[in-house]
Amino acid sequence: MPELNLKSQHASSPAVSPPPGTGTGKPLSVTDLRKTYSGLTAVDTVSMEIAGGEFVTFLGSSGSGKTTTLMMIAGFCEPDSGSIVVGGRDVTRLAPQKRGLGFVFQQYLLFPHMTVWENVAFPLQLRGVPKAELRRRVGETLEIAGLSAMARRRPRELSGGQQQRVALCRALVYRPPVILMDEPLGALDKKLRDQLQTEIKRIQQELGLTVIYVTHDQEEALVLSDRIAVMRDGLIDQFDTPRELFERPRTPFVADFLGAANFLPGTVQQQTSEQTLVRLDTGGLLNARSQGGAEGAQIRAAVQPGRLRLCTPGDGFCTGTVETVTYVGTLVRVTVRPAGDAATGLVRLELPAGQAPVIGEQVSLTADPDDVSVFAVEGGG
Ligand code: ADP
Ligand code: MG
């Protein structure tokens with residue numbers, strides 16, 4: 001595989017001086033970054049450490065501060081306070097081009113008058129890379145992205161997906177220690193987006209790239225990332241592996257944003273060091289492995305639709321009536337109106353299609369304690 005050679009060739013290449021971030025220390029460390037715009041806090045003390053070869057995603061809804069954080073790391077936006085260290089070197093006050101980072105944005109920002117080849121060669125020309133070395137690198141990078149056959153075309157002769165691949169090549173070609181991507185697939189349709197996600201992940205893994213990626217799309221974040229920083233109101237709610245975010249959400253927001261969790265109101269009936277026994281408002285008992293607080297405390301128990309199961313009456317934590325059944329490929333989405341408490345609202349399940357109940361059926365629901373997270377009701381009570 002030529003791709004595998006590329007890595008070692010680049011790593012040992014003497015022709016290009018190493019980017020400023022290269023050296024000892026973590027690829028990236030951000031401490032207490034903060035940015036306000038005339039009184040409005042866009043980013044509120046964001047801190048994180050990113051290891052070499054890691055794919056990290058900022059995930060959050062629009063306005064949560066993802067782009068502002070990325071722009072501060074890139075150097076296009078000056079932080080009010082805090083510091084950014086790339087490869088052991090403080091770059092907080094350095095101009096973007098002196099930080100040695102690569103960027104890919106939603107708008108491709110290719111030079112329209114240049115060919116694909118020239119666009120990708122441009123960063124190397126800027127850095128004074130000798131001709132032979134430049135040719136080799138551009139050729140290899142285009143090959144890795146499947147663009148070799150299009151080297152002579154201009155951006156307007158390419159599809160959106162191809163243009164975005166060129167933009168990716170341009171960021172890859174000088175092997176920056178960290179590549180920053182802000183919603184790079186946001187302008188593409190779903191099918192192309194899926195395809196490019198796979199491609200970005202493949203290239204990142206083959207070359208051992210360190211990537212910081214921004215998206216508002218949970219699925220995209222889950223597909224791509226080693227770790228995800230879930231952002232809300234300028235803060236990181238939780239920075240963890242996709243699995244930890246699913247299985248150990250630290251806030252109701254994370255449980256809801258990633259898993260579209262059901263939230264079942266109740267009170268803590270018994271708290272041991274290992275488990276919380278919850279008396280749900282619907283009357284049933286539910287066991288959770290997370291800590292729920294003092295006995296009698298009002299809580300919400302969060303369970304993802306895919307982690308609920310049907311069971312024999314009497315074994316479950318609640319019974320109810322099936323209201324809707326929707327087939328989604330091999331899965332079926334089911335809503336159940338629980339008996340016993342009108343305020344609890346519909347419970348959503350996702351089951352294998354073969355286990356689909358029928359509308360109007362009485363069912364009992366159960367969940368593994370490991371799949372239940374308990375959160376205090378905000379504002380006490
Ligand atoms: P995201 O990328 O998560 O959608 P942003 O980082 O773009 O969020 O924005 C975070 C907050 O900062 C938003 O409330 C946004 O309106 C505000 N903001 C971003 N850039 C500016 C700016 N240049 N001037 C004023 N407010 C801004
Ligand atoms: Mg943004």
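Rule-based calculations on the coordinates, nothing more; no lab input. Computed from a predicted structure; not experimentally measured. Glycine gets a Cβ as well: all are built from the backbone with ideal geometry, and neighbour counts include every protein chain shown.
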- Query: At what distance in nm do the modelled label points of residue 45 and residue 125 sit from each other, each positioned 7 Å from its Cα along Cα→Cβ?
  - Reply: 4.8
- Nearest 10 degrees, 0 to 90: what angle lies between the long axis of helix 131-144 and the longest principal axis of the chain (Cα atoms)? 30
- Rounded to the nearest whole number, the per residue volume of the convex hull around the C-alpha atoms of the stretch 129-181 in Å³ is 87
- Which whole-number percent is the relative contact order of the chain (Cα, under 8 Å, 6+ apart)? 15
- What does the charge count near residue 50 come to, summing +1 for each Lys or Arg and -1 for each Asp or Glu among other residues with Cβ under 10 Å from its Cβ? -1
- To the nearest 10 degrees, the tilt of helix 116-126 (Cα long axis) against the first principal axis of the alpha carbons of the chain is 70
- Query: Does the stretch 260-376 come out rounded, prolate or oblate, given a ≥ b ≥ c as the square roots of the eigenvalues of its C-alpha gyration tensor, rounded meaning a/c under 1.5 and, failing that, prolate meaning a/b above b/c?
  - Reply: prolate
- Item | Listed residues 314, 160, 82, most fluctuating in the chain (Gaussian network, C-alpha, under 10 Å) | 314
- Potential extension, residue 78-residue 358 segment - 0.36 nm per residue separation minus Cα distance: 95.1 nm
- Using only Cα atoms, locate the centre of the stretch 176-220 and the centre of the stretch 229-296, then give the distance between them in Å, rounded to an integer. 30
- Order of 143, 54 - criterion: other Cβ atoms within 10 Å of each residue's Cβ, fewest first: 143, 54
- Item | Degrees between helix 190-207 axis and first principal axis of the chain (Cα, 0 to 90, nearest 10) | 60
- Among rounded, prolate and oblate, which fits the chain when a ≥ b ≥ c are the square roots of the eigenvalues of its C-alpha gyration tensor, a/c under 1.5 means rounded, and a/b larger than b/c means prolate? prolate
- Could you tell me the distance between the Cα centroids of the stretch 327-341 and the stretch 107-121, to the nearest Å? 50
- Quick one: among 353, 74, 171, which has the greatest mean-square fluctuation in a GNM of the chain with alpha-carbon springs under 10 angstrom? 353
